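Quick notes on the structure that follows.
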Amino acid sequence: MKEIPKKNSFKTPPGYFEGLSERILSKLDEKDAAGIPAKEGFTVPDGYFDGLEKKVLDKTLERETRVFTLKPFRPFLYAAAAVAVLFVLVIGLERSADTTPSFDDLAQADITQYIESRDLGLSSYEIAEVLPVTELEMEDFMETSVEQDVILDYLEDSIDDLDEFNIETHEDYQ
Amino acid sequence: MIAEETLVRELKQKETQAKAFEVLINTYKERLYWHIRRIVLDHDDADDVLQNTFIKVFRNIEKFKGDSKLYSWMYRIGTNEALSFLKSKSRKLGVSSDELIERKAENLQADIYFEGDAIQLKLQLAIARLPEKQKLVFNMKYYEEMKYEEIAEILDTSVGGLKASYHLATKKIEAYLKAD
């Protein structure tokens, strides 16, 4: 056995054992044996969790301590409500004799004004979430189609230097 | 860390309520946030739902009888809030909840609070296509590392059913990730 050298001939890359445990632990964290990534990629704004308690506490504790004293006005409120109910009943009975207006009776301007003034409860971001932008055409936004020649004529008449709009020839983009 | 029974008792007493509620938010905010975020996908919606969840917890703490763990009860409120939020949002937009979540997953690429690579994006698309229960079970088991018993308590279902849902979900996700 003496002839057999005991010296280890194997070597490791420099610094291999430094940080080995962290590397193994991070591999365990990944646990992507099934090919499913261990991390999802979601992030939050900086300091989001720091300010959260205050936001929630402001919405709960303050509201809980708010007190309304309406009692002294109650008799007046009852009287006012009774008068209002009578008034609505009288008006309602008079109107019930009239015919109900149909959709055709509404002027186009009234409908447009109603849609414009109505709060749909949707932000532009929410609308954009479901609006299939790639399937939209210019005609979806315009009532009448405009020929390309007409657009070019308009641009030539109303803009001094049409070439400024051409990105390919504009000096800033050369 | 404060014992759960003590925290619940303090939450129910007017004099100690404010302080205890702060402790409650501090203890559970991150875990609940990530649970909700995985359901609604974007940060702003997760923030809204998280705040509503804590507000509901605060308003209903008197009704908490201690039959389940406090965090299970909160998770149940958070899950219901998130699912209701998606339902009401999809109703407003005139699409189904499934359709909404698929579109949200498709839009993650443009989300400034999503920095996943192509695989992670594909993973979210795969999860979005799962039925609701499989989606919840997969996220809670794989990412939140919950025990089946805990998930069963939150979702009010059997452990056997959960195991089957999880198995189906992982198979579907793996197949989706492997496909071109």
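Bear in mind these aren't lab numbers, they're just calculated from the coordinates by the rules spelled out. Here the structure is a predicted model, which means the values were calculated and not measured. Every residue, glycine among them, receives a Cβ derived from its backbone with ideal geometry; neighbour counts consider all protein chains shown.
Could you list, in their original order, any pairs among A:59/B:69; B:89/B:141; A:59/B:19; B:29/B:172; A:55/B:14 whose Cα atoms are separated by more than 23 Å?
Correct reply: A:59/B:69; B:89/B:141; B:29/B:172.
Taking each residue in B:134-141, count the Cβ atoms of any other chain within 10 Å of its Cβ, then average. What number comes out?
Shielding by partners across B:134-141 averages 0.
Averaged across the residues of A:42-55, what count of C-beta atoms belonging to other chains lies within 10 Å of each residue's C-beta?
Going residue by residue through A:42-55 and averaging, the value is 5.
Any idea what angle helix B:118-128 forms with the longest principal axis of chain B, computed on alpha-carbon atoms, 0 to 90 degrees, nearest 10?
Relative to chain B, helix B:118-128 is tipped by roughly 70 degrees.
How high is the relative contact order of chain B, given as a whole-number percent (alpha carbon pairs under 8 Å, six or more residues apart)?
Relative contact order comes out at 19 percent.
Based only on the alpha carbon positions, what is the Kirkwood hydrodynamic radius of chain B, in angstrom?
After inverting the mean inverse Cα-Cα distance, the result is 17.4 Å.
So if R0 is 56 Å, what FRET efficiency would residue A:157 and residue B:119 give, r being the distance between their Cβ atoms, rounded to the nearest 0.05?
0.55
In degrees between 0 and 90, to the nearest 10, how far off the longest principal axis of chain B does helix B:43-60 point, with axes built from Cα atoms?
Between helix and principal axis, roughly 30 degrees.
Which far-off residues, 5 or more places away or on another chain, put their amide H under 5 Å from the one on residue A:42, with H placed in the peptide plane?
Amide H neighbours of residue A:42: B:115.
Find the eigenvalues of the gyration tensor of the Cα atoms of segment B:1-107, then list the square roots of 5 times those eigenvalues as equivalent ellipsoid semi-axes, largest first, in whole angstrom.
After scaling each eigenvalue by five and taking roots: 30, 13, 11 Å.
Take the alpha-carbon centre of segment B:159-180, take the same for segment B:63-138, and report the distance between them in whole Å.
17 Å
Quick one: angle between helix B:159-178 and the longest Cα principal axis of chain B, in degrees between 0 and 90, rounded to 10, please.
On a 0 to 90 degree scale, this one is about 40.
Under 19 Å from a point 7 Å along the Cα-to-Cβ line of residue A:50: which residues of segment B:13-39 have their amide N that close?
From segment B:13-39, the list is B:23, B:25-31.
Taking every residue in B:122-128, how many Cβ atoms of other protein chains lie within 10 Å of its Cβ, on average?
The shielding value for this peptide is 2.
Taking Rh as the Kirkwood radius, which is the inverse of the mean 1/r over Cα pairs, what is the Rg/Rh value for segment B:139-180?
Expressed as Rg/Rh, it is 1.06.
With each label point set 7 Å from Cα along the Cα-Cβ vector, what nm distance links residue B:4 and residue B:99?
With each label placed 7 Å out from Cα toward Cβ, I get 4.1 nm.
Compute from the Cα atoms of segment B:90-180 the Rg and the Dmax, the latter being the longest Cα-Cα distance, and quote both in angstrom.
Just the Cα atoms of segment B:90-180 yield Rg and Dmax of 14.2, 39 Å.
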